[in-house]
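Have a look at the structure below, then the notes.
The values are calculated or read from the model by the stated rules, or taken from the named source; none is laboratory data. On a predicted model such as this, the values are computed, not experimentally measured, just so you know. Every residue, glycine among them, receives a Cβ derived from its backbone with ideal geometry; neighbour counts consider all protein chains shown.
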Amino acid sequence: MSKTVITFGTFDVFHVGHLRLLQRAASLGNRLVVGVSSDALNIEKKGRLPVYSEAERTEIVGSLRCVDTTFIEESLAKKGEYIAGFKADVLVMGDDWEGKFDAYRDNCEVVYLQRTPAISTTEVIEKIRL
Ligand code: C2G
């Protein structure tokens, strides 16, 4: 019986926090679909262009053994369409989004996973700057 998991993110300057989220998400089903935020969406979310382009970020995420399919997430508001389009059974997000996507509980299971502490793209960029 197939169980599709879907998750979303920018995944800029890829790090173990991203990896562990994707690995744990993958373990909740037998197909993992990842919406990688477009460059334009990242500007909306974080007020800046990502370090790596959407093509590079998609290439990195798509190369992971635990990821089956990637697509470009154009808008946060299209989540319902993406979930329906991929017939996702489970939406997984890190718990920094706790509660934000409960409205999709009518469409699929919604699971918030604990973030990996003490690592973020911003911190990695700051460290590299030093
Ligand atoms: N994450 C994590 N641990 C970290 C950093 C990130 O578990 N130390 C998780 C986040 O909670 C998220 C995923 O990794 O579920 C991707 O993180 P970002 O690239 O920062 O994604 P975000 O900007 O939160 O985009 O539609 C939802 C948005 O596109 C999510």
Within the stretch 78-90, is there a residue that is out of contact with any strand residue (DSSP E or B) (no Cβ under 9 Å at 6 or more places or on another chain), at pLDDT below 95 and surrounded by fewer than 18 Cβ atoms within 10 Å (Cβ to Cβ)?
no
Kindly provide the set of residues from the stretch 8-19 that are without any contact (Cβ under 8 Å) to a residue 60 or more places away in the chain and more than 6 Å from the ligand (Cβ to nearest atom), ordered by number.
PHE14, LEU19
Any idea how many residues of the stretch 20-31 are more than 9 Å from the ligand (Cβ to nearest atom) and among the hydrophobic types (A, V, I, L, M, F, W, C)?
2
If only one of GLU54, GLU73 is touching a strand residue (DSSP E or B) at 6+ places or on another chain (Cβ under 9 Å), acidic (Asp, Glu) and near the ligand (Cβ under 10 Å from one of its atoms), which one is it?
GLU73
Options VAL5, VAL34: the member that is more than 10 Å from the ligand (Cβ to nearest atom), crowded, with 19+ Cβ neighbours inside 10 Å and not in a loop (DSSP other than H, G, I, E, B):
VAL5
Can you find even one residue in the stretch 79-89 that is near the ligand (Cβ under 8 Å from one of its atoms), in contact with a Leu (Cβ under 9 Å, 6 or more places away or on another chain), at negative phi and in contact (Cβ under 8 Å) with a residue 12 or more places away in the chain?
yes
Going by the conditions given, is LEU22 assigned to a loop (DSSP other than H, G, I, E, B) and under 14 Å from VAL111 (Cβ atoms)?
no
